[in-house]
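Written below as structure tokens is the structure these notes are about.
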Amino acid sequence: NAGVTQTPKFQVLKTGQSMTLQCAQDMNHEYMSWYRQDPGMGLRLIHYSVGAGITDQGEVPNGYNVSRSTTEDFPLRLLSAAPSQTSVYFCASSYTENSYNEQFFGPGTRLTVL
Amino acid sequence: AQKVTQAQTEISVVEKEDVTLDCVYETRDTTYYLFWYKQPPSGELVFLIRRNSFDEQNEISGRYSWNFQKSTSSFNFTITASQVVDSAVYFCALRVILTGGGNKLTFGTGTQLKVEL
């Protein structure tokens with residue numbers, strides 16, 4: 001298994017541009033989520049999905065959209081990038097939404113918005 | 001609301017010293033899970049341990065040990081005989097079920113551990 005994969009690894013955007021961060025997992029996990037990591041703030045939940053066709057907001061959802069058309073993929077869309085979205089983005093998945101399930105993290109995408 | 005506090009921003013030790021990383025959490029849920037993750041300089045997040053709220057047994061895995069105390073809402077992590085390869089940022093996290101489904105993993109702000117020769 002490849003586990004959780006994320007593309008791209010690095011990205012530089014200009015303010016106002018849009019882009020999609022890709023996330024895929026091959027473990028047949030129902031639960032997927034996106035976090036952003038900022039210095040001194042740990043990781044914060046952006047959006048999550050408990051299964052295909054179901055998504056919901058986390059604690060910092062503004063400026064981001066998600067969709068879950070398949071079990072494997074959970075892309076994160078930045079509609080109009082802002083410098084405040086400069087961060088490292090992690091995608092994670094777990095077998096189910098139950099809290100005892102360990103979350104597996106992707107390698108991260110480092111995004112810079114100029 | 002859930003909260004995880006890692007008061008130690010950065011710790012520096014000399015190799016072979018023991019070091020304890022503190023984690024204090026807050027939640028009103030009676031069922032929750034606590035995790036520790038390691039983030040080495042390469043950036044990936046590596047799962048270290050999971051502990052549920054009903055299991056207060058301490059755990060030892062090689063040079064790593066964890067002390068979970070519900071009475072003080074703490075889940076501390078000790079590395080015995082530290083090594084340079086232990087240098088990383090360590091995150092404590094709390095996972096609870098959200099109202100309406102789903103769950104949330106709340107992270108602390110992390111502790112940067114530097115192990116020097």
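The table for this structure:
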{"read-out": "Cα centre as origin, Lys/Arg/Asp/Glu Cβ charges: chain B dipole, Debye", "value": "400 debye"}
{"read-out": "Among the listed pairs B:K16/B:K70; B:K16/B:K114; B:K3/B:K70, those beyond 24 Å (Cα-Cα)", "value": "B:K16/B:K70"}
{"read-out": "For chain B, built as a Gaussian network whose Cα springs stay under 10 Å, the top-fluctuating residue of B:S12, B:S53, B:S71", "value": "B:S71"}
{"read-out": "Viscosity 1.567 mPa s, temperature 4 °C, Stokes-Einstein D of the protein assembly as shown from Kirkwood C-alpha radius, µm²/s", "value": "71 µm²/s"}
{"read-out": "Lys, Arg +1 and Asp, Glu -1 on Cβ, resulting dipole of the protein assembly as shown about Cα centre, debye, nearest 20", "value": "540 debye"}
{"read-out": "The range B:1-93: relative contact order in percent, alpha carbon pairs under 8 Å with at least 6 residues between", "value": "36 percent"}
{"read-out": "Accessible area buried, both sides summed, chains B and A with 1.4 Å probe, Å²", "value": "1800 Å²"}
{"read-out": "Unit charges on C-beta of K, R, D, E only; dipole of chain A, Debye", "value": "520 debye"}
{"read-out": "Using distinct alpha-carbon pairs, which all enter the 1/r mean, Kirkwood radius of chain B in Å", "value": "14.5 Å"}
{"read-out": "Dimensions (Å) - chain A, Cα atoms, principal axes, largest first", "value": "37, 30, 26"}
{"read-out": "Gaussian network model of chain B, springs between alpha carbon atoms under 10 Å - residue of B:T106, B:T72, B:T20 with greatest fluctuation", "value": "B:T72"}
{"read-out": "Most mobile listed residue (A:F104, A:F74, A:F90) in chain A, GNM with C-alpha springs under 10 Å", "value": "A:F104"}
{"read-out": "Linear extension gain, A:S67 paired with A:T96, 0.36 nm per residue minus alpha-carbon span", "value": "8.7 nm"}
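The values are calculated or read from the model by the stated rules, or taken from the named source; none is laboratory data. Everything numeric here is computed off the predicted structure, so don't read it as measured data. Reconstructed Cβ throughout: ideal geometry from the backbone, glycine too, with neighbour counts over all protein chains shown. Accessible surface areas use protein heavy atoms only, side chains included; no ligands, DNA or RNA. Shrake-Rupley method; radii C 1.70, N 1.55, O 1.52, S 1.80 Å.
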